[in-house]
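The block underneath contains the structure these notes are about, expressed in structure tokens.
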Amino acid sequence: MSQNFGTAQAVGFRFSGRGGEYFRIWIVNLALSILTLGIYSAWAKVRRLQYFYRNTSFAGSSFDYHGDPKAILKGRIAAVLLLVLYNVAGNLDPTLGLGAFAVLMLVFPWLVQRSLRFKLHNSSYRGLRFGFDGTVGGAYKAFLMWPTIGYLTLGLLMPVAHQRIKAYQHRNSRYGSEAFRFTAGEGGFFGIYLKLLGMLILLIVALVAVGVGLGWFASLGVQDGDPEQQAALVGMILFAVLGFYIVAFLFLGPWFSARIQNLVWNGTALGPHGCSSNVRARDLFRIYLTNFIGIVLTLGLFKPFADIRLARYRMEHMAVTLQGSLDEFVAAQQQGVSAAGEEAADLFDFDISF
Amino acid sequence: MPMVSADYYDGKSARAHSVRLSLSADALLVQGDGIDRREPLHTLHVSEPMGAAPRLIKFADGAHCEVRDHAALAALLEAGGHRDGWVVRLQSRWGWALAAVIIAVAGGAAGYRWGLPAVSEWIAFKLPDKALAQMGQSTLAFLDEGVLSPSSLPAARQHSLSNAFEKLAVPDGMGAGHEIVFRNGRAIGANAFALPDGTIVVTDQLVSLARHDEEIIAVLAHELGHLSRRHSLRMLIQGSIVGFVAAWYLGDVSNVAAGLPTVMLQARYSRDHEREADEYAAAMLKANGISPSRLADMLEKLEQAHASKKSGEDGEQTDVFGGYLASHPATSERIKALERD
């Protein structure tokens, strides 16, 4: 089926995954992973990713995942060892733990660069592999230097750091020989962060006001220094802190996530073909909340259904505006791709997702 | 002869070719839209069925066919003698999925009940002494800053208690390396606990609660039992593992909930550990001509002391530090066991 999109035309992604079907794959592979003491989990992961990739289609063709389970198993063993060492160091002595944290931070950008390479080299569409050409140096700038600057400026430059990370990921990606472009500037990130800050301040003010009111009401008719007055005070603080977390996670989390996804993908293009995303915060909120309730009520068995629901929503709210035919993409120098792909496969897949 | 329509991609460009697939002896024929290939069946890789997702037939040179007509392809695969892997067959049936739920739950429970303690014990006895010393010192320093204050017992009294304990023979011949320190327990009241490096902390309140020195000795023997089995260390390791697994599983859901299993786990295991430490103490006391009922007497007093405190003014719990200072839920059971000895 050879599509020809003469004039510009927005084409959406389709997702055909189904909860019940994926549940069976998930649970059978989970049981096998348990029976093999975790070794099978690498094969399970490949199968799960293949389910999502192959059930995602664009313009009549599906995506595919080619990760080698053995490479993933190696990466997982290394990752678990690293985390155990880090945990043990932290438990032994705070100073040692801090040292381990510093080491982890130092190797983190390198790990991210490796895992991005692995992920993209092992993804394909219409028989062409994606690719990632970001350098290790670039990863250190994006994932270490900019966040550090962000912290040193007390978060003032955090939006810039966020933009640099996304720019590193998207500008260095390609499909076949065609590179992705990323045009979302710092301004958009500053806008989202400013709004988030404003909402956080409003939230704190509102909660303090309600908390003080409740605390005052609860301590009515109680003597100063009474245990009951103290209890009222503690209750008020608890209410404020708990309320802050609940509102922040349930409402601001999905809002932030939706805005960033839209900003990033509306600023991404593959050659002349612009991407677009129109995820809505209230929809994400509804999905997060119902997924959370489902997972809690079923003691985790709802997880595969939850994953499918979220993936469907995210995929079906993305589109690419095609300018001309899809047929014109070609592989990068075939040799280079496969060699690089194998090299990456030999190293780690740390499955660091953003 | 079944005929299947498919999209063919050569792996070099994104161009789709509309082709027809058919079988010819031991080979697959791919024809149409300028493509004419004949590939021996054994060189092909057919992807697993995954619901509505297309199935992919991959060629050795990187080309592949994307097939969406599942019924026609199934007939062709059947004619070609292709058989899905056993995992695929398990995945396709709800019965097997149910069996997998049971295996996953049973496996998880077994791992939690037997695997986790075994792994933690193994790690606990592999950790170098230097690491234990470090851990014990930083814990004691932390406790000294907030919860404990210096002991008001006279130095001579401290020495005589320590010396009386050091003179005793230990059941396993060598005993764990240890050091006894005295502190004012303040809010935690009458208590004794062992840190991973062999430090046994005894509170002034426990010393004054005892009516006989042998009762204090009995508690020290109990703590030495914890030390020789490295209980506190094992609990720490178990807690870390459970926290890690829970965080990994819940992942994006919630990090707050990840802490809960750790708390539950520590309550569950401390009972087993208390019983082991009681057995150790009973053996040690008997070997030195002291009645194990001294420990039972002391346990009773400790329970009464903590119970009266609990029902008292602010209802604050005594086991604020979970692992180390966990309260002992089945005390009456333990007292009975000790008196049988």
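No value in this document is a laboratory result; all are computed from the given coordinates. Source: prediction; values computed, not measured. Neighbour counts are summed over all protein chains in view; Cβ atoms, including those assigned to glycine, are modelled from backbone coordinates with ideal geometry.
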How far is helix A:19-35 tilted off the main Cα axis of chain A, in degrees rounded to 10, range 0 to 90? 90 degrees
Please compute the contact order of region A:229-284 in relative form: average sequence separation of alpha-carbon pairs under 8 Å and at least six residues apart, divided by the residue count, as a percent. 30 percent
Degrees between helix A:303-316 axis and first principal axis of chain A (Cα, 0 to 90, nearest 10): 70 degrees
Hey, what angle do you get for helix A:253-266 against the long axis of chain A, alpha-carbon based, 0 to 90 degrees rounded to 10? 30 degrees
For A:61-71, A:181-191, ranked highest to lowest by mean beta-carbon neighbours within 10 Å, the order is A:61-71, A:181-191
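Between their Cα atoms, which of A:Lys303/B:Lys126; A:Lys141/B:Lys58; A:Lys74/B:Lys12; A:Lys74/A:Lys141; A:Lys70/A:Lys303; A:Lys45/B:Lys58 are more than 32 Å away from each other?
Numbers: A:Lys303/B:Lys126 37 Å; A:Lys141/B:Lys58 39 Å; A:Lys74/B:Lys12 30 Å; A:Lys74/A:Lys141 27 Å; A:Lys70/A:Lys303 25 Å; A:Lys45/B:Lys58 21 Å.
The answer is A:Lys303/B:Lys126; A:Lys141/B:Lys58.
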